[in-house]
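Notes for the one structure printed next.
Read-outs: derived from the displayed coordinates by stated rules, not from any lab. These figures come from a predicted structure and were not determined experimentally. Positions of Cβ are backbone-derived with ideal geometry, glycine not excepted, and every protein chain shown enters the neighbour counts.
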Amino acid sequence: MHVFPLLVAFVGGEIVDMISNTGAVAKLVLLGLLAFSLISWAIILTKWSLLRRARAQSGRFVRAFRKAQRLQDIAAVAEQFKPSPLVGVFEGGYEEYKRQAQTSGTVRNLLSIQRGMQIGASEEITRLERNMPWLAITAAVTPFVGLFGTVWGIIDAFHGLGTAGAATLRAVAPGISEALITTAAGLAAAIPAVIAYNLIGASIREFAARSDDFALEMLNAVEHSQAQAPAEMRR
């Protein structure tokens, strides 16, 4: 039962020892990779939380929208579904709808309402994509930063080998193993960033598609409300 914790402690101790024995350049590379990794994980966790709330609130908002009898009813409660990007789409179209209704008493231009929803959707998708380039940069750059540290460490190891004059595997192996730590650290920073970038990007594309679908549903609701208005006036 205690084998696994002991193994983890042993491996961790070995890694700490190897890092402590690396040169100044390798330590600087490892510090930079740690900064990349910490920032990336902060973005990943923040994005997952944001997308989870957006997904939950989008479902509630769509259900409320479909149950509402009038657009004014959903506008009154839209603020409580604010984490959903669909709220921004609705508000972009509703503002134009309200402007036309107040000016002429009826909707004369559905295209302008559609443009308002497109602007709202674009703003919401831009908000969801904020800081995503950092994940792409981390995924692309950190393996090469780690490789630079490894190459530098190997150069340093062979330089020390040449100075010592002991051309044996025992003499060069510790230096090379220490140098390879930076490659492992670069991959450890890059792999989560690659996975998260693709998964989060897929979720954002899903929200973009849902925004387009909701915009069409909103246009149908606007047309339906305009068709109801003359009927109510005749009563």
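Model label points for Trp134 and Arg53, set 7 angstrom from Cα along the Cα-to-Cβ axis, are 1.7 nm apart.
Annotation for the range 27-52 versus the range 88-164: alpha-carbon center distance of 16 Å.
Could you sort 137-147, 35-45 so that the peptide with the highest average Cβ count within 10 Å comes first and the rest follow in order? Display every interim value, and only then the final one.
Numbers: 137-147: 19.1, 35-45: 16.5.
So the peptides 137-147, 35-45, ranked by packing, come out 137-147, 35-45.
The loop-placed trypsin sites (Lys or Arg not before Pro) in the range 46-116, going by DSSP, that have at most 13 neighbouring Cβ atoms within 10 Å of their Cβ come out as Arg70, Arg108.
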